[in-house]
1. When the solvent-accessible surface of protein heavy atoms is calculated with a 1.4 angstrom probe, in what order do Cys143, Cys404 fall, highest first?
2. At a Förster distance of 25 Å, what's the computed FRET efficiency of Leu330 paired with Ala296, Cβ-Cβ distance as r, to 0.05?
3. Leaving ligands, DNA and RNA out of it, report the carbon-plus-sulfur percent of the accessible area of the range 143-228 at a 1.4 Å probe.
4. Which lysines have a Cα lying under 27 Å from the Cα of Lys57, excluding residues fewer than 8 positions away in the same chain?
5. Residues with beta-carbon under 14 Å from that of Tyr241, excluding Tyr241: net charge, scoring Lys, Arg +1 and Asp, Glu -1?
6. Quick one: length gained pulling Arg246 to Thr18 fully straight, 0.36 nm per residue minus the C-alpha distance?
7. Set the Förster radius R0 to 22 Å, insert the Cβ-Cβ distance between Ala364 and Glu11 as r into 1/(1 + (r/R0)^6), and round the FRET efficiency to 0.05.
8. Can you work out the accessible area per residue across the chain, with the rest of the protein chains kept in place, probe 1.4 Å, in square angstrom?
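The values are calculated or read from the model by the stated rules, or taken from the named source; none is laboratory data. Since we're looking at a predicted model, the values are computed, not measured. We place every Cβ from the backbone using ideal geometry, glycine too, and count neighbours over all the protein chains shown. Protein only, heavy atoms only, side chains kept; ligands, DNA and RNA dropped before computing areas. Shrake-Rupley method; radii C 1.70, N 1.55, O 1.52, S 1.80 Å.
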Amino acid sequence: MPDDIARWLDEHAKPLSTLAPGAPVEDLKPLGEALRGTRIVGLGESTHGTSEFFRLKHRLLEFLVREEGFTTLAMEASQSAARALDAYVRYGTGSPERLVARLGFWTWRTREMVDIVEWLRAHNRALPEERRIRFVGTDPQLCADSVEAVAVFLRRTAPDQAGRMGALGVLARARPGSLPDPDKALMRRAEEISRLVAEHAGRSGPGNGADEALEHARILVRAADLVNRPFAASAEEEGVYAARDRYMAEAVARLVDDDPGARVVVWAHNGHIAKGTYGDQVPALGSRLRERYGDAYYALALLFGKGSFLARRGNDLQRPPARHRIGTGLRSLEARLTHALPGDYYADLRAAGSSVDAAPWLYAPHAQRSFGANVQRFLYRLNTAPLIPAEDYDGIAFVARSTCSRLL
């Protein structure tokens, strides 16, 4: 273990007094100072199935909303289904458990996520509408709500055209890259439907659900594009992974650009919120936000030392998630962070400036743990991704022990 990690953390790391939401926030005040001038903060995670990550993000969200004036939570979740959950968060419409369960991924169907949503609703209840916190999904895939909303709108405003929706029913469940088509027939049909909705929305005037139907129609176009794309990029077009991160970045950009007072918390995997690339050199959501907004985007990675987490085994999307265990190990950056400083803490990597001599470890290559919704059956402990801390992230929050999130 390089001595400079321990020395740097001893000087710059801030202990977390607790991971529990609702606690006093004095220990988070230095993070607020680090976020001065930012409009977007990415909250990452090295696993989607760690209870402590949910709880810490809940606590950070409370702090960012109450103390720092953040206005929106944008999640790596279905754009389509998140619109109904936003109605609950802002107006109390519907059941939080049912709406959370419909966000498109097993990873969010947890008691911890319901706790966050219920806190957002409680926070909003006494506020005027213009000050209420929004809940937004950034991922175009899995859009059953959009299929239904557009079909209902067309049956009401253009019943002779409603039958054209039939081909888009596959978008309710189809995954990105599952129907590769060089001719983009499905996307062309979605674009035709979107133009049809826009035409009838213009005729119907304000209200009448026209604006909502039009946004759902636009979601269908993005979803169809992802479904049609190949996994591998070519000289002519992006692969599905790059297109997905681009769409998620564009969703965040719309929130920021449409409202000069907006400050957005982006919830996604560490790979997505990073300022560089992931996988096979895929430009991450965070890299696009950094390119567009500069230092107004802050990427905070969440890492853990050892413990357990939930993930599906193998590539079976129907298999329920299972518990996976991992020790401290020796090979990863997390192992070095564990031995360098005990306990839970966070550190602002921007504090190092650009001086390699002051903190060589921040500018050296490391391996970080990376677990998605699915992991390899037997070799998951070897799942790592390359990392140069100061180039990929602006800050790190470290949790010593991970336990499994609690599924609904």
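1. On the way: Cys143 0, Cys404 35 Å².
Greatest to least solvent exposure: Cys404, Cys143.
2. Details: r = 38 Å, r/R0 = 1.51.
E(calc), rounded to 0.05, equals 0.10.
3. On the way: 2060 of 4000 Å².
Ligands and nucleic acids excluded, carbon and sulfur give 52 percent.
4. Within the straight-line cut-off, Lys57 pairs with Lys14, Lys29, Lys275, Lys306.
5. Values: positive: Arg175, Arg229, Arg244, Arg246, Arg288; negative: Glu76, Asp139, Asp225, Glu237, Glu238, Asp245, Asp280.
Local net charge: -2.
6. Details: separation 228, 0.36 × 228 = 82.08 nm, distance 3.49 nm.
Taking 0.36 nm per residue and subtracting the Cα distance, the gain is 78.6 nm.
7. On the way: r = 18 Å, r/R0 = 0.82.
It comes out at approximately 0.75.
8. Details: 17150 Å² over 408 residues.
For the chain, the per-residue accessible area is 42 Å².
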